[in-house]
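Taking it in order: structure first as structure tokens, then the write-up.
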Amino acid sequence: MTIGVKKVSLQRTTRDQIFLPAILEGLLTTARHFFKNTMTKGMGDVDTIRYGEPGVDPKSYYPERFRGVHRLMFRDDGSVRCVACMCCSTVCPARCIYIVAEDREDNNEKGPATFVIDELKCVVCGLCVEACPCDAIRMDTRTHMTPTEAREDAVLRKVDLMSRGGPSVAVQGGLGADYRADAPAADPRFVGR
């Protein structure tokens, strides 16, 4: 089997080669949109949040499931709820979570000696919250990360994250202390236990 080659001549005009008409057409479109949106009363058909206007609360525009800055939840005794299982750092696509595990004083489970989130790398996907099996990390603060001039100000450590958090209302085991007795009898997971 032979493959034939077809020669095609490309006829470019001088107008096509200098790109000046295309550049001017793009600038004209940009200028038209700029003047339409800045000179018309009420901003034309532009959808935007007017943060600086008096009487406008920008937080009222946030959707119900808005993801804000991370926070770490803590137990009743004040210790962090995280058990350093590394699920959040494993699932993070941006690799912005760094955890170093340590044994706790009661030797029942481990906890984080270091818990660091680099908010500049974070893509605010919420996968860390979904992956956490013990309700230790949340993103429901309804606040943006504050602007920073130094990179180290955007790196949140365990103390910073816990200061944003609060006591967790999650119950270990699901429905409560005796969740198998409270579970419906028809649930196949609890039959024969």
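The values are calculated or read from the model by the stated rules, or taken from the named source; none is laboratory data. Here the structure is a predicted model, which is why all the values come from computation and not from measurement. Virtual Cβ from ideal backbone geometry, glycine too; neighbours counted across all protein chains shown.
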TODO: Tell me, please, whether a residue that is among the acidic types (Asp, Glu), at pLDDT 85 or above and outside any helix (DSSP H, G or I) can be found in region 92-102.
DONE: yes
- [ ] Looking only at region 65-82, count how many residues are closer than 14 Å to Ala113 by Cβ and either in contact with a strand residue (DSSP E or B) (Cβ under 6 Å, 6 or more places away or on another chain) or not in a loop (DSSP other than H, G, I, E, B) (or both).
- [x] 3
Task: Candidate set from region 12-49 (those that are among the hydrophobic types (A, V, I, L, M, F, W, C) and more than 36 Å from the chain's Cα centre (by Cα)); member that is modelled with the highest pLDDT - done: Leu28
